[in-house]
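Written out below as structure tokens is the structure these notes cover.
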């Protein structure tokens, strides 16, 4: 069942972990790409996005949005990424390459046709990348991302070690990142 932004926010506010996981799974990869475009570091981008989601969960009882959920998360990641740049003394160097037009190109919303096209292209490339993963790697990735399974649960279900799951996830993310690199430059 597809929920509206407000329904998801209400569910998250009441502590519904499934609603939270829904928004996490829906936006995580895109938000990582956005952050990586800004901070120029994959690991830092993943940390920034994880921190944003953690903050959303931690303030869930007071969580309010005045825009779309997507726009809220994008703005939060954008601001967190800029804060990260500033805190690491790279702001001058990196902000020269970051402009409002970069932000406008990366942000998609229902009223922004170029953003809709960009979203469609990313999703197509992402789907192709997922489908091109080796079977075992793809299964592990989908169990993690779509079924929200923990690495230990995936390992048990697949009859493999947790380290194998971690390795396969790294391979999957690396290949997907390679497929999406045209959107990161």
Evaluate the distance, in nm, between pseudo-label points positioned 7 Å from the Cα of residue 47 and of residue 13 along their respective Cα→Cβ axes. 3.3 nm
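Taking the mean number of other Cβ atoms within 10 Å as a proxy for protection, how do you rank 170-179, 128-137 from highest to lowest? Show your work: numbers first, answer last.
Details: 170-179: 15.7, 128-137: 13.6.
Those peptides, ordered most packed to least, come out 170-179, 128-137.
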Let me make sure I get this right: for the stretch 4-67, a, b and c are the square roots of the gyration tensor eigenvalues over alpha carbons, sorted descending. Under 1.5 in a/c it's rounded, otherwise prolate if a/b > b/c, else oblate. Which is it? prolate
Residue span residue 163 to residue 55: 0.36 nm per residue of separation minus Cα-Cα distance leaves a gain in nm of 36.0 nm
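Read the figures in this text as sums done on the coordinates, not as results from a lab. Given the structure is predicted, the values throughout are model-derived calculations rather than measurements. Cβ: placed from backbone, ideal geometry, glycine included. Neighbour counts: every protein chain shown.
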